[in-house]
Structure formats: C-alpha cells, structure tokens
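The values are calculated or read from the model by the stated rules, or taken from the named source; none is laboratory data. Only a predicted model underlies this, so the values are computations on that prediction, with no experimental measurement involved. Quick reminder, even Gly has a Cβ in these numbers, built from the backbone with ideal geometry, and neighbours come from all protein chains shown.
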Amino acid sequence: MKKYLFIIKTQIIKTLTYEFNVYGNILMQTIIMITSAYFWRALYREHSTVSGVNADSMLTYVIISSALSVLLITGVERRIGQSVEKGTVAADMIKPVSLFGMFFAEDIGSITALIFQNMLPILIIGSVMIKVPVMADISDIPLFIISVIESFLINWLIAALFGMTAFTAVNINALIQVKKHLIRLLSGSIIPIWFFPEGVANVLSALPFVYIYQLPLSIYIGRGTRAEHLLQMRIQFIWLVILSALFFLVHNRVTRKVMVQGG
C-alpha cells in the first residue's frame, strides 16, 4: 500500500506542475458549460418543464456535469498505449507493483490534484455566471457520493479495457479521443438520455454509460424518487461487477500473451 500511496503523492505533485494544462482545461470546460447553459435557457424559454425537469434543475445539471467531468478523467488508456508503443510493457509488468494498480494510483493522484485545480474553479465560475448549483435534497448526499464513486470505477474500467486494445492496435491515440467524446454523449453528460427518442433511450439505458454521468446527476437534481434511484444504483453496481470480471478476464489473457511474446 505504501508503494501506491507514494505513486499517488508523486502524481499529485506532477499534476500540480502543469499550470498551462490547468488553465486550458478550465477554459474549455467553462466554454462548454456556458454554451450548454445558453442552449437550455433557450429551450426552456417557452416551457416551464421538459421531461419533468424545470430550467433551474437543468442549469444545475449542466454545472455539476462539468464538475464531474474533472473526476472522470482517466489516463490509463494513454499509459497503456505508451508502454506498448515504446516496447516497455513487459518490463513494466515485472515491476514490484501491479501494472494496472500503478495506473489506477496515478489516476487517483491526478484527480486529487484536479479537484482543487479544476473542479472548484469550475463550480465557482458556474455559480457566478449561471446559478448556484444547490442540491435538490440534501439527504440524498450519501447516495450521490456512492454513485459518483461507482461512476468513476465504471469509467476507469471501461478506459482500462479500451486501453488493452493497444496490445493489438498498438497506436490508439486517435481512438482515445473518439471514445472520450462518445462516452460523454452516450452517458447523458451533454444531453440527458430522457431527451432522446424513447427507443434510443431504452437502448442506452441498457448500457453502462448512463451510470457514469446521468445517474449521479439525476440524484443531484432530484429527478425521480429515492426508490428509483436505489434501483438504478443496484443496476450500476451490477455493471461494476460485470466490468470488473471482464477486466480481470481480459487482463489475464493479455498478460499471458505479453509474457509469451516478450512484449
């Protein structure tokens, strides 16, 4: 555990040194957040509620979604791609720490730093320029926190599984960007799934992506009852178990392949 804590600490220090990336990310998220807010304000101009959600709740949704995007940043797929491309993956696997445990610790370290560097500034900017994103029901905070933790784990597992395609595709840099924006679209981060046509919404609801953004955001703005949220959190946990099992299955196969081929 001390080894992973050291990795987390090192990654926090490393993340804090890249100030340009911080300002760039804050600017990008602010632009997306404000643009989305204007879009929803225009949509709600002639409607008090749409799909059971009023304008105030939708603006809160936009701000918290922008803040959550900081917590859901992953570097695991990029790190896997670099190891494979440089041919160091076999050597990395025989280090005295788990390869993916190291990548996970690095992501935890990065996110810890970004909470203060990016997330808090985004929340402050959103509160000043759009509205204060007050939670619909404060008693739902435990559900929201648990849901966010599981969202992060689901998102990380998907990223790790995607990253392991580098063992066959070698260079996946372009695909990483496609995957990133596709997940934000399918997860309800930009447009909530309840605005999609019913057939499309039903299909997307059966996939794990909606449990990355939309579930915690729905809990935060109070869309749905607590019983509905608890049911969705059970499904979220089931997806977490499924993806964990799939991760270990693919990880074992990839590890055997690397060790046989020598990287």
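The residues of the stretch 176-192 that are at pLDDT 85 or above and β-branched (Val, Ile, Thr), listed by number, are Ile183, Ile190, Ile191. Restricting attention to the stretch 159-178, the residues that are closer than 23 Å to Ile115 by Cα and over 10 Å from the mean Cα position of the chain (by Cα) add up to 3.
Note on the stretch 143-197: residues that are surrounded by fewer than 18 Cβ atoms within 10 Å (Cβ to Cβ) and outside any helix (DSSP H, G or I) total 6.
Do we have Ile73 as under 20 Å from the mean Cα position of the chain (by Cα) and among the β-branched types (Val, Ile, Thr) here? It is true that Ile73 is under 20 Å from the mean Cα position of the chain (by Cα) and among the β-branched types (Val, Ile, Thr).
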